[in-house]
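J.: First the structure, which I've put down as structure tokens, then a few questions once you've had a look.
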Amino acid sequence: MALTRTATWAWLLSFVLLAAPSFGQGPRKPNAADIRQALEKLNVLGSVLYFAAHPDDENTRLIAFLANERKLRTGYLSLTRGDGGQNLIGPEIREELGLIRTQELLQARQIDGGEQFFSRANDFGFSKNPAETFTIWNREQVLADAVWTIRKFRPDVIITRFSPVPGGTHGHHTASAIIAQEAFEAAADPKRFPEQLKTVEVWQARRLVWNTSSFFYGQGQKFDTSNKLTLETGLYNPLLGKSYNEISAESRSMHKSQGFGSSGSRGEALEYFEHLKGDRAQSDLVEGVTTTWNRLKGGETVGKIISEAIRNYNPANPSASVPTLLKATLALAKLPHSYWKQVKQEELDQVIKACLGLYLEATARDYSATPGEEVNIQLEATNRSAVPVTLTQVEYLFAKRDTAVQQKLENGKPLMLRASVPNSPSAMYSQPYWLRLPGTTGMFRVDEPELIGLPENPAAAQVRVQVTVQGQPLSFTLPVVYKRTDPVEGEQYRPFVVTPPVFVNLTEKVYVFPDAQPKPVTVRVRAGQNSLEGQVTLRLPQGWRAAPASADFKLNQKGAEQTFTFQVYPGTQETESTISAAVSTLGRNFTQGLKTIEYAHIPTQTLFPESEAKAVKLEIKRKGQRIGYLMGAGDEIPASLQQIGYTVDQLQVDDLSAANLQKYDAVVTGVRAYNTLERLKFQQPQLLEYVRNGGTLVVQYNVSNGLVTSELGPYPLKLSNDRVTVEDAEVRFLKPDHAVLNSPNKITQKDFTGWVQERGLYFPNQWAPEYEAILSMNDPGETAKEGSLMVAKYGKGHFVYSGLSFFRELPAGVPGAYRLFVNLLSLGK
């Protein structure tokens with residue numbers, strides 16, 4: 001849909017100090033210091049956009065400083081959502097990890113005061129150079145998204161985290177700086193992306209700079225600061241009670257899935273900027289930019305009124321500032337329409353609300369509703385000041401219904417309004433907008449232009465509250481949220497979502513059939529509303545069959561669930577295909593599942609993925625039966641091994657005694673176990689004793705920094721940052737006669753087809769002669785890497801170190817990865 005320019009700006013504005021938290025959290029409750037900060041921000045009309053590639057690339061200290069000390073509107077454009085990274089807090093990878101990292105960024109911005117934006121670029125995994133990146137990203141689309149964000153946000157200064165000169169960093173990083181350079185000019189060119197000009201205007205930022213540091217200079221290279229703009233950002237903010245270093249640490253620590261917990265520091269912290277484009281600044285980042293009300297014709301009057309409010313502000317009685325702020329509202333209304341008028345009107349309304357102690361909250365009785373279903377809503381409006389406030393109207397925007405109220409809000413007396421409002425029959429499910437349609441390896445598909453750039457969906461249901469304050473009208477739009485009281489945690493919030501009426505979930509993501517025997521395929525059918533009955537079926541590859549062919553279900557209550565197990569008989573041919581489940585009810589077929597992601601540091605996320613799983617029929621032999629698996633950062637390999645018939649016990653560090661481990665045919669450590677399990681450094685001798693006594697130990701990849709012990713194996717082995725990111729890179733057999741490549745499965749080049757995202761990562765680059773390197777591989781234009789798979793005999797047993805990305809390949813159902821992993825587990829059998 002097309003939006004007017006005013007509507008577009010209003011849609012996309014988010015306000016830092018007094019803004020509502022991300023959807024699914026309670027209303028902000030600003031204190032007197034917050035209000036003072038927001039008052040001062042009203043008198044600053046300037047903005048800065050930070051520009052990089054991933055969540056956690058941003059300089060949180062600089063963002064905190066610019067947003068809170070300089071009071072500039074400060075945004076962060078992350079081109080990707082970090083889908084291709086690793087997850088230290090759970091098993092979610094790819095799109096689910098991207099959703100977690102999106103929410104972590106939003107929580108970080110709540111702390112440091114910035115605003116968050118994204119492009120449609122998909123983080124497809126590690127990229128070594130921008131040329132490779134641009135073969136996978138749609139460069140023109142990513143540029144269009146950057147231009148769109150710049151034209152919406154109108155930054156006076158754009159800051160890149162990385163240099164546009166290739167070399168020395170991730171390809172995505174350099175690509176982000178290249179895009180920033182191109183967007184700096186394209187945003188000001190009416191011939192570039194003219195379709196955007198229906199809703200936004202061209203915009204020329206004053207300058208583009210690179211936020212550089214000694215980190216980007218190689219060993220032995222001098223970091224010359226004499227020609228760089230310098231900014232002191234380590235200041236202490238007495239209103240907030242913290243230095244910007246301390247705020248930065250809190251913000252960065254929200255990147256929990258990446259293990260970026262940080263400690264606060266105090267004292268000097270210099271930031272350096274290298275000029276890239278536009279006017280060169282000599283002494284200040286926003287040099288030459290008018291950041292006062294003089295920026296707007298006639299704005300001086302508004303600025304004087306706000307300055308008066310700041311001078312007379314009484315932290316013990318913020319409501320005393322309301323009459324002056326209402327004068328500012330009237331003065332602002334007289335100015336011609338402009339971007340900054342819209343921004344400051346929204347900010348001013350929020351400051352008035354905060355000064356009144358006006359608490360507005362719209363909660364639903366349940367966290368979800370289906371299209372057309374009644375939604376029971378409670379609205380609380382509480383005026384905690386002596387200033388006269390009247391609630392005049394409530395609009396239920398999601399249902400296009402409004403109610404006249406005309407109710408005075410007495411000081412300290414909550415007004416509770418309850419309503420049962422029908423959800424729109426055409427309401428869209430709350431699937432994250434970038435996941436609604438299939439995309440490509442490098443790009444998400446988004447067909448609604450007005451959504452591009454937003455960090456998350458607009459709230460599924462919104463309520464607009466109209467009030468008058470001393471007779472002057474003000475309007476506030478609230479997200480509807482779900483609230484409950486937990487007996488331990490207290491008040492808990494969750495986003496309100498619109499869901500399908502029924503969900504159908506397969507219990508596994510991959511079904512591997514190692515022989516002709518049938519496998520049980522379990523389907524869970526769950527009601528998203530009351531009174532459902534129908535039929536559930538499986539859709540199978542050609543030549544396969546299920547018994548029974550279908551099953552009837554009846555679910556009387558929302559949330560009720562039935563489980564059905566089908567015996568699936570595979571065909572005779574090796575194949576990679578799909579099993580999907582569908583339910584027929586209410587005259588329609590439904591194929592969406594239900595997935596919730598719950599972590600304490602982010603709001604609960606709800607997804608509706610298609611109910612399908614990969615189906616793999618392959619010929620595979622195995623030796624041994626019982627596997628001990630020590631989970632590291634989290635992966636899905638134990639379930640994958642169970643798929644092919646292994647008995648897998650998930651071990652704890654306390655279980656790692658040589659005597660206890662003797663019952664296992666092999667022991668496997670999960671990804672990054674030696675980075676995340678501190679006590680492994682004490683138990684490592686027990687693991688090696690298990691090997692010496694005849695066991696097989698398979699250690700999967702660990703990052704080279706932050707190891708709990710340097711003695712990963714029985715002989716010296718040094719990890720590096722070597723990796724092969726091209727998933728179909730040539731694989732060469734260094735030891736073609738080795739058991740790993742021959743028993744019990746003959747490994748051929750065919751077994752390295754169909755790998756996903758990468759070959760492997762963090763390979764050793766130095767090792768003792770006792771190790772045998774099995775494979776050689778490399779990305780285009782690079783030297784051979786021989787450390788992806790290392791095997792050593794030790795005593796009576798075998799030690800294996802693997803940098804191959806089995807943690808991605810097995811859950812993705814890659815047949816050759818299964819065959820090779822089984823050979824590792826079968827060593828010595």
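J.: When a footprinting reagent is the concern and you count Cβ atoms within 10 Å, what order do Lys228, Lys222, Lys793 take, fewest first?
T.: Numbers: Lys228 18, Lys222 7, Lys793 15.
Exposure proxy ranking, most exposed first: Lys222, Lys793, Lys228.
J.: Under the rule that an exposed site lies in a DSSP loop and has at most 16 other Cβ atoms within 10 Å, name the longest stretch of the chain with no GluC sites (Glu not before Pro) of that kind, not counting the sites themselves.
T.: The longest such stretch corresponds to 1-200.
J.: Could you tell me the extents of region 297-340's C-alpha atoms along the three principal axes, largest first, rounded to whole Å?
T.: In descending order, the Cα extents are 35, 15, 14 Å.
J.: Still on this structure: What angle do you read, to the nearest 10 degrees and between 0 and 90, between the alpha-carbon axis of helix 171-186 and the longest principal axis of the chain?
T.: With rounding to tens, the tilt is 30 degrees.
J.: Determine, for His738, His255, His798, the number of other Cβ atoms within 10 Å of each Cβ, and report the residues in order from fewest to most.
T.: Values: His738 19, His255 26, His798 23.
So the residues, fewest neighbours to most, are His738, His798, His255.
J.: What spacing in nm lies between the two simple spin-label points modelled at Glu232 and Ser743, each 7 Å away from Cα in the Cβ direction?
T.: With each label placed 7 Å out from Cα toward Cβ, I get 7.1 nm.
J.: Also, quick follow-up: Gain in length, Gln472 to Thr596, computed as 0.36 nm per residue apart minus the alpha-carbon separation, to one decimal in nm? Kindly include the intermediate steps, with their values, before the conclusion.
T.: Values: separation 124, 0.36 × 124 = 44.64 nm, distance 4.32 nm.
Stretched fully, the Gln472-Thr596 segment lengthens by 40.3 nm.
J.: A further question follows. Based on alpha-carbon centroids, what's the gap between region 442-508 and region 670-720 in Å, whole number please?
T.: Their Cα centres are 45 Å away from one another.
J.: How much length, in nm to one decimal, is gained on full extension between Asn589 and Ser213, taken as 0.36 nm per residue of separation minus their Cα-Cα distance?
T.: Numbers: separation 376, 0.36 × 376 = 135.36 nm, distance 5.62 nm.
Between Asn589 and Ser213, full extension yields 129.7 nm more.
J.: List the aspartates and glutamates whose Cα sits under 18 Å from the Cα of Lys623, skipping any in the same chain fewer than 8 residues away.
T.: Asp515, Asp649, Asp665
J.: Further question on the same structure: Please report, in Å, the Rg and the Dmax of region 502-617, where both are computed over Cα atoms only.
T.: Every Cα atom of region 502-617 included, Rg and Dmax give 15.1, 48 Å.
J.: Using Cα atoms only, what is the angle between the long axis of helix 32-42 and the major principal axis of the chain, expressed in degrees (0 to 90) to the nearest 10?
T.: 80
J.: Size of the dipole of region 626-825 about the Cα centre, Lys and Arg at +1 and Asp and Glu at -1 on the beta carbon, nothing else charged, in debye to 20? If you can, show how the numbers build up before the last one.
T.: Working: 18 positive and 22 negative charges, 77 e Å.
The calculated dipole for region 626-825 is roughly 380 debye.
J.: If you don't mind, another one. Roughly what % antiparallel, to the nearest 5, for the DSSP beta bridges in region 355-483?
T.: Working: 36 of 40 bridges.
Roughly 90 percent of the beta bridges in region 355-483 run antiparallel, per DSSP.
J.: Determine the shape class of region 131-191: with a ≥ b ≥ c the square roots of the Cα gyration tensor eigenvalues, call it rounded for a/c under 1.5, and otherwise prolate if a/b is greater than b/c, oblate otherwise. Numbers along the way, then the final one.
T.: Values: a/c = 2.48, a/b = 1.49, b/c = 1.66.
The shape class here is oblate.
J.: Kindly put Met428, Met790 in sequence by how many other C-beta atoms sit within 10 Å of each C-beta, fewest to most. Provide the component values of the computation, followed by the final result.
T.: Working: Met428 13, Met790 26.
Ranking Met428, Met790 by Cβ neighbours within 10 Å, fewest first, gives Met428, Met790.
J.: At 0.36 nm per residue, minus the direct Cα-Cα distance, what do Leu397 and Asn765 gain on full extension? Give it in nm, one decimal, please. Don't jump to the answer; show the numbers that get you there.
T.: On the way: separation 368, 0.36 × 368 = 132.48 nm, distance 6.01 nm.
Gain in length upon complete extension: 126.5 nm.
J.: So what's the angle, to the nearest 10 degrees on a 0 to 90 scale, between helix 680-692 and the longest Cα principal axis of the chain?
T.: Once rounded, one gets 20 degrees.
J.: Right, another one. Under a crude label model (7 Å from the Cα following the beta-carbon direction), how far is Gln642 from Arg692 in nanometres?
T.: 3.5
J.: Here's something else I'd like to know. Under Stokes-Einstein, with the Kirkwood radius over Cα pairs standing in for Rh, what whole-number D in µm²/s applies to the chain at 25 °C and 0.890 mPa s?
T.: Working: Rh = 29.4 Å.
Answer from the Stokes-Einstein relation: 83 µm²/s.
J.: Another question, then. According to the square roots a ≥ b ≥ c of the eigenvalues of the Cα gyration tensor, what is the shape class of region 229-353, taking rounded for a/c under 1.5, prolate for a/b larger than b/c otherwise, and oblate for the remainder?
T.: In terms of gyration-tensor shape, oblate.
J.: Still on this structure, I have one more. Relative contact order for the chain: what percent, with Cα pairs under 8 Å and sequence separation of 6 or more?
T.: Values: 1942 pairs, mean separation 80.1, N = 829.
Relative contact order for the chain comes out at 10 percent.
J.: Magnitude of the Cβ-charge dipole of region 502-617, K/R +1 and D/E -1, about the Cα centre, nearest 20 debye?
T.: On the way: 12 positive and 10 negative charges, 34 e Å.
So the magnitude is around 160 debye.
J.: Just need the relative contact order of region 260-337 here, percent rounded to a whole number, with Cα pairs under 8 Å and 6+ apart.
T.: Values: 33 pairs, mean separation 18.1, N = 78.
Result for region 260-337 is 23 percent.
J.: Using alpha carbons only, what's the Rg to Rh ratio of region 766-824 with Rh from Kirkwood? It would help to have the intermediate numbers written out before the result.
T.: On the way: Rg = 13.0 Å, Rh = 12.9 Å.
In region 766-824, Rg relative to Rh is 1.01.
J.: Rounded, prolate or oblate, given the Cα gyration tensor of region 684-756, with a/c below 1.5 counting as rounded?
T.: Values: a/c = 2.67, a/b = 1.33, b/c = 2.01.
Taking the square roots of the gyration eigenvalues as a ≥ b ≥ c, region 684-756 is oblate.
J.: Which entries of Lys793/Lys829; Lys621/Lys785; Lys41/Lys353; Lys41/Lys228 show an alpha-carbon separation above 19 angstrom in the structure shown?
T.: Numbers: Lys793/Lys829 13 Å; Lys621/Lys785 29 Å; Lys41/Lys353 15 Å; Lys41/Lys228 28 Å.
With Cα atoms farther than 19 Å apart: Lys621/Lys785; Lys41/Lys228.
J.: May I pose another question? Under the definition of Cα pairs under 8 Å and six or more residues apart, what whole-number percent is the relative contact order of region 626-825? Please report the intermediate quantities before stating the final value.
T.: On the way: 449 pairs, mean separation 45.4, N = 200.
Result for region 626-825 is 23 percent.
J.: May I ask for the distance between the Cα centers of region 39-98 and region 111-155, given as a whole number of Å?
T.: Computed from Cα coordinates, the inter-centre distance equals 13 Å.
All of the numbers you see were taken from the coordinates with simple rules; none came from a lab. Predicted model, so just to flag it, every value in this text is computed and none were measured. Neighbour counts run over all protein chains shown; Cβ positions are idealised from the backbone, glycine included.
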